[in-house]
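*Asks:* Here it is, the structure in full.
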Amino acid sequence: MTAGFNLEAAKGKKRGFGKKASVSDVVILAVLIALALMCLLPILNTVAISFSDKVSAQTGKVFIWPVGANIAPYQELIKDTRFFRSFAISIIRVLVGASINVVITILTAYPLSKSPEKFPAKNRYMWFVVALMLFDGGLVPTYVLVSKLRLINTIWALVLPGAVPIFNCIVLMNYYKTIPASLEEAALIDGAGPWYILLRIFIPLAKPSIAVMALWSIVGHWNDFFAGLIYITNRQNYPLQTYIHSLTVSVDWQNMSNMKGEDLARMMSVSNLTFNSAKVVISMIPIVCIYPFLQRYFVTGIVLGAVKE
């Protein structure tokens, strides 16, 4: 009995911490480290360039640590009142757009998750949804429609064209299918209606997938600059990404003689490279702050949402 116990303990030790790493484990670990560095090093390099002086940045001396501390790009970027106006417009766009995306996704995915016996028109709607996911109306027809609806230069031009995220609807629909049908049947027996079942059963159980849908919508609205270029003709109404995309370092040579010594030195220490790096760093901050709160739902929401029975 003692020998058997020692044998099992030895096997457990061999399977546990005493296990030697195989060649495949080393290769997988090396690939993961390489992928992590590929994602992390460009970010660190961008941050370092944004805090480096003009000459060091342009001569390629900066890698992951600033060379010649310089905060002039951030001073030039943040002192402009239009920057804060664009920041506020982007916040409003994210709140409105993501809310519309999540609500429509929940309402669209719920009936599509039912069987054809419960929802006879399901197959027709599914064909329609898949067709919309593969083909869209195109840029010119979409612009004409937005223009005819008099949405140009409004926040609605930034959120309504993408109000129905088809891919998100399909992911959430598959997540709904993983919820046991017995829960819905028990609620129906107790007299619950469709709205009660959706709000009290499906939405709480699908919280991981809904959180992922919200994260995708937030990131999509925050990072999008092209819609602002197309639908917003007044530069005062640019969202943040469109605004910082249009910024350049311009020197007013006529007024240089009237500048103070500090202002002139700061202006001459700014280059397009450091200025653009500062733009990227500023634009990353809100997403970096939001992502940790939704990260724990990410894997569960994607994996279960990708399962199809």
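*Asks:* Test each condition in (1) surrounded by 18 or more Cβ atoms within 10 Å (Cβ to Cβ); (2) over 26 Å from the mean Cα position of the chain (by Cα); (3) at pLDDT 90 or above for residue 184 and report the one that comes out false.
*Replies:* (3)
*Asks:* Does the stretch 136-157 contain any residue that is at pLDDT 90 or above, among the small types (Gly, Ala, Ser) and either closer than 30 Å to residue 237 by Cα or not in a helix (DSSP H, G or I) (or both)?
*Replies:* Yes: the stretch 136-157 contains one or more residues that are at pLDDT 90 or above, among the small types (Gly, Ala, Ser) and either closer than 30 Å to residue 237 by Cα or not in a helix (DSSP H, G or I) (or both).
*Asks:* Still on this structure, please answer the following. Just give me the residues in the stretch 204-215 being within 14 Å of residue 171 (Cα to Cα) and surrounded by fewer than 18 Cβ atoms within 10 Å (Cβ to Cβ), in sequence order. Can you show your working first?
*Replies:* Of the stretch 204-215, the ones within 14 Å of residue 171 (Cα to Cα) are 206-215.
Passing the criteria: only 207.
*Asks:* Quick check on the stretch 164-173. Is at least one of its residues of a type outside the set (Ser, Thr, Tyr), more than 20 Å from residue 209 (Cβ to Cβ), surrounded by 13 or more Cβ atoms within 10 Å (Cβ to Cβ) and under 27 Å from the mean Cα position of the chain (by Cα)? Even if it seems obvious, please write down each step before you answer.
*Replies:* Taking the stretch 164-173 first, the residues of a type outside the set (Ser, Thr, Tyr) are 164-173.
With more than 20 Å from residue 209 (Cβ to Cβ) added as a condition, the list becomes none.
So far as the stretch 164-173 goes, no, none of its residues is of a type outside the set (Ser, Thr, Tyr), more than 20 Å from residue 209 (Cβ to Cβ), surrounded by 13 or more Cβ atoms within 10 Å (Cβ to Cβ) and under 27 Å from the mean Cα position of the chain (by Cα).
*Asks:* Considering only the stretch 217-235, state which residues are farther than 24 Å from residue 145 by Cβ and surrounded by fewer than 18 Cβ atoms within 10 Å (Cβ to Cβ).
*Replies:* The answer is 219, and nothing else.
*Asks:* Here's another thing I want to ask about it. Would you confirm whether any residue within the stretch 21-43 is among the acidic types (Asp, Glu), surrounded by 11 or more Cβ atoms within 10 Å (Cβ to Cβ) and under 28 Å from residue 287 (Cα atoms)? Spell out how you get there, then give the answer.
*Replies:* Of the residues in the stretch 21-43, the ones among the acidic types (Asp, Glu) are 25.
Now restrict to residues that are surrounded by 11 or more Cβ atoms within 10 Å (Cβ to Cβ): 25.
Among the residues that remain, those that are also under 28 Å from residue 287 (Cα atoms) are: none.
Looking through the stretch 21-43, none of the residues is among the acidic types (Asp, Glu), surrounded by 11 or more Cβ atoms within 10 Å (Cβ to Cβ) and under 28 Å from residue 287 (Cα atoms).
*Asks:* Does residue 150 satisfy the condition of being in contact with a Pro (Cβ under 7 Å, 6 or more places away or on another chain) and assigned by TED's automatic domain parsing to the domain that holds residue 215? Reasoning before the result, please.
*Replies:* Working: in contact with a Pro (Cβ under 7 Å, 6 or more places away or on another chain): no; assigned by TED's automatic domain parsing to the domain that holds residue 215: yes.
When the stated conditions are applied, residue 150 does not pass them.
*Asks:* Which of (1) in a helix (DSSP H, G or I); (2) over 29 Å from residue 272 (Cβ atoms); (3) modelled with pLDDT under 90 does residue 162 not meet, given it meets every other one?
*Replies:* (1)
The values are calculated or read from the model by the stated rules, or taken from the named source; none is laboratory data. Nothing here was measured: the structure is a model prediction, and the numbers come from that model. Reconstructed Cβ throughout: ideal geometry from the backbone, glycine too, with neighbour counts over all protein chains shown.
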